[in-house]
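Worksheet for the structure shown next.
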Amino acid sequence: MQGGSSGIGYGLKYQARCISDVKADTDHTSFITGTLSLREENEVHLIRLSSGGTELICEGLFSHPNEIWDLASCPFDQRIFSTVFSTGESYGAAIWQIPELYGQLNSPQLERIASLDAHVGKINCVLWWPSGRHDKLISIDDENLFLWALDCSKKAAQVQSKQSSGMLHYLSGGAWDPHDINAVATTCESSVQFWDLRTMKKTNAIEHAHIHNANYDMKTNHILVTAEDESGIHIWDTRKPKSPIQELPGHTHWTWAVTCNPEYDGLILSAGTDSTVNLWMAPTSVEDEAITESIAESPAQQADPLLNSYSDYEDSVYGLAWSSREPWIFASLSYDGRVVVESIKPFLSRK
Amino acid sequence: METDDVPLDDKAKRMRDLLSSFYAPDPSSTDNAPSNPGTLDAINTTSFDADQYMNLLIQKSNLEALLQRHVEMAAEIKNIDTDLQMLVYENYNKFISATDAIKRMKTNIVGMEANMEQLLDKIMSVQSKSDGVNTSLFEKRERVEKLHRTRNLLRKVQFIYDLPARLEKCIEAEAYVDAVKFYTGAMPIFKAYGDSSFQDCKQASEEAIAVIVKNLQGKLFSDSESIQARAEAAVLLKQLDFPVDSLQVKLLEKLEQSLGDLQLKTNDIENASMKSNDPKQGKVSDSVHISAHEGSVRGFAEAISAYRVIFPESEEQLIKLVQDVVVKHFETTEQYVKGRISSANLLCVLRTIWTDVLLLDEVLSEAVLPVFSLEAAQIALKQHVASTFNYLLQDISDALVRVNASSKEAAEEHPLQVALEASKKAVLQGSMDVLLDFRQLLDDDLHLLVQLRDFIIDWVQEGFQDFFRALYDRFLLLSGRNSSSRQDQGLTGAHGEKVLAGLVLVLAQLSVFIEQTVIPRITEEIAASFSGGGARGYENGPAFVPGVICRIFRSAGERLLHHYINMRTQKVSTLLRKRFTTPNWVKHKEPREVHMFVDLFLQELKESASEVKQILPQGLARKHRRSDSNGSTASSRSNQLRDDKMTRSNTQRARSQLLETHLAKLFKQKVEIFTKVEYTQESVVTTTVKLCLKSLQEFVRLQTFNRSGFQQIQLDIQFLRTPLKETVEDEAAVDFLLDEVIVAASERCLDPIPLEPPILDRLIQAKLAKWKEQNPISP
């Protein structure tokens, strides 16, 4: 299961943690990524996959004032993205716009549309609604969940509502349900919590420890995939929070990020601190129980959910993004600042 | 000669035919010869046409043949002539003899008339005399007849009057048959005249009969009487129009009662066989009990047969009764089987039942008891197999759970080792015992079991298959790995977090043991004595598939081992998480001493190492330092780096040194941090340490440090180097990881200036001294 060198590489200057698919760019397969360097000048890279799919081209290089801990591209405007950044001592979050004439400028400056400055503690992430145009944003810090109303034309963001996560729940991240504009899942140390944005009330919770990352299945409603420290990957039906539908072994060390393919049902990608990216096939539809059981029994082990393990990384992989334009392509980002774009086509044919 | 013979025969035949045709009443009957005039053979038929014949002959034959035919025909004609003459002559002879006979008859018949007339006269005179006698005797005869009738009537009346006395006598003599016969004889009279003339008599005899009925009933119910006597009594009672049905019911009830007795005795046997620890004594007492039981069954069987004789039409009820007996037998057996019993005991019970069945079958073969009991035995045996495996499973998990208990007491020095040995023994010995036990079932020549042989084999094989599956599930359950099954069984509260890491390790090692030792042994044993079977159909293959089980346990072993490592690292992980998320690293104070999380970390490792040491074998010699892996080069380099680090003191140099580390890392080969875990002490400990250090690195990467925070990390890591290297197999990788932590810390540091080596050294020495103080024994 060697990853081989099928991937297309691209090097950032510094270490980096986050990469995002530029969903609004319908003409090209592009990704946006930002560096994480405490003491150096940080950069935001806009990368485009060449039309032949053999090369990664730097489409734009912008300086960013601080090290970037989280980055998300706006799903309806390819020039807008959000970052969460840190000066080392304090955190901030902002919405940026890529200047229109950046091709002509030497060192184009990013235009700050709005800063989400209501936070006090450590900000974890900013979420856009993944399924289309929606003028709301969610930002999550250690203790609070903010709902922002964003007005791009006025270049302003207003706190619409805010909810504290409650005592002893340190939020670590979240995911916005692509099927329900009012449902958000947040992860914290001991559970996944579900929120209704209309009331800002907690609706449900999955009690499970050490969840790093959660991701909704784009195709199937109610399916949430989570990644944990030790116990790998769990697939949940949010209506049945007692026990997971399926369990995948995950990585040798922590499973850091997990993401569902936007097009192909049951394809899950996970990145781990063991410097690998794993591609899983986990049909979430029917007979999940039967399948997990038959793994132990079937002599040929045909049901091995692990399709491939890409291990050609030098350091822990934190960033992971499927391309929504070409859903068989994903980009991964390891801590040493190396972007690798891979195609999973050889594994699709196997189905 | 032959040619002469044939025409001669023909001649004789024709003669006969002619003669018969002559005498035959219907000339057409001879006409059954082929009457086709178109052939030459038609010469002898009635429809012979001479012209046609001639034409045919001339057409068909040449001259020579015609000539020959002419000669033949001439001879034939001559022959026929002589024949004709002879026939005439013979007829004439017969005619002459007939006339002779008629002449003789004519002479004999003369004089017969006179004799006849004389005879008639005599007969007439006899008749008239006889009439005279008849008329003279008629009166007397009538009187005689009348007298005779009166006498008979009187005799009957006498009989009726005597009846009570006679019945008394019969009662005295116990001649109930006669009594009943008399009484039934007198019955019609009593019926006709009982209310008038013979009232007293009737009453008396009815009383007597009542006594008889009572006696008969007593006889019927008394077991001491012979069956024939009782049967007779029943028949007599029936003749007396006694309501036999109620008797039948009563008797049945009695039989049912005796059934209860029978049942109790079965229990006795079981008790006896259970109590009998000493085999010899046990056998004796068993046999005593068995014989007692057999006696009662025999009695029961006799009663049944008697009953059957008495009430022949009650077969159905009896069959039901007998089947009840067997059903109850097997019910108790099933109850019995639920408990923990050896096959020998079961065998004993089955044998008893079988003898019972045979005994009863002799009496009542219509109940098809053997078939019936075969089915029941099948169920019982199946249950037995299932329960035996259940108990085995229970034994094993008991042995395992004991780890929990014993480690709480902490009395034993190596509780895990003890537990492992105990559970190993439980598995191997237990399954061997089970096999041995079942073999007794197979070896026995009890008819019942012989018929079920194939089934037993299949059940045992299936039993093992299911048993190992169940064992696997149990392992997962015990390890707390299988969260879904845990929830299924509602044991979340009971097990939940309490699962001991050590237990998981024991389970892992036990899985390996099962895969490598137990399964082959069992396979061998099954092949030796449980081959065959096939009652479940060949298309399904044999019920016990060792390959599948082996695979299950191999993967289980690996999973459990990983789970163990995970549990261990998880503990450390929580420790580290607390350590790194609690303080504000940006405002950290200058390091004064090695942080105490290092102690906790080392303590965890020590605990894990002690567990591992108890369970897992030592790996190949310790000197094996992965010289084959690419780690060694990195190790030497990083060692060198560290030495460099120690010697340099000024801050600028430190900065450049960090850059150097970066560069070195770029050129260095990737160290294989995550290697495959093996079942050795070193491998497990090393993997644990590696995973912990990796977690440490990741936690560091998530923080931002000021200078002091970075120095604190540097100090802690520096201190960790020595003790970790002592415990770990793969020094290179550990070194690499420790360096990585420092690198990560420096990267995340706003002002990465390392501690001056002398200070570093001093702090470490201070910690070491303190450490030694606390653990004086440890080296």
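Values quoted throughout were computed directly from the atomic coordinates according to the rules given, and no laboratory measurement underlies them. No experiment lies behind these values; they were computed from the predicted model shown. Neighbour counts run over all protein chains shown; Cβ positions are idealised from the backbone, glycine included.
The table below gives the values:
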read-out	value
Distance in nm between pseudo-label sites at residue B:342 and residue B:187 (7 Å out along the Cβ direction from Cα)	6.4
Ranking of A:162, B:589 by count of other Cβ atoms within 10 Å, fewest first	B:589, A:162
Simple label model, 7 Å out from Cα along Cβ direction - residue B:766 to residue B:610, nm	3.0
FRET efficiency, residue A:26 to residue B:751 (Cβ-Cβ, R0 41 Å, nearest 0.05)	0.35
Total formal charge among the other residues, if their Cβ is under 13 angstrom from that of residue B:372, Lys/Arg +1 and Asp/Glu -1	-3
Extended-chain gain in nm, criterion 0.36 nm per residue less alpha-carbon gap, residue A:61 and residue A:205	47.8 nm
Amide H within-cut-off set for residue A:12, under 5 Å, with H built and near neighbours excluded	A:338, A:339
Around residue B:155: net Lys/Arg minus Asp/Glu count, Cβ-Cβ under 12 Å	+2
Footprinting exposure proxy for B:468, B:311 (fewest neighbouring C-beta atoms within 10 Å first)	B:311, B:468
Residues B:596, A:200 arranged by fewest to most Cβ contacts within 10 Å	B:596, A:200
Rounded FRET efficiency, nearest 0.05, which uses the C-beta distance separating residue B:104 from residue B:50 and R0 of 41 Å	0.25
Extension reserve of the residue B:214-residue B:602 stretch, reckoned as 0.36 nm per residue once the Cα distance is removed	129.9 nm
Rough spin-label spacing in nm, given labels placed 7 Å along Cα→Cβ, for residue A:76 and residue A:240	3.6
Under 9 Å, Cβ to Cβ, from residue B:431 - net charge with Lys/Arg +1 and Asp/Glu -1	-1
Net lengthening on full extension, residue B:72/residue B:425 (0.36 nm per residue, minus Cα-Cα)	115.4 nm
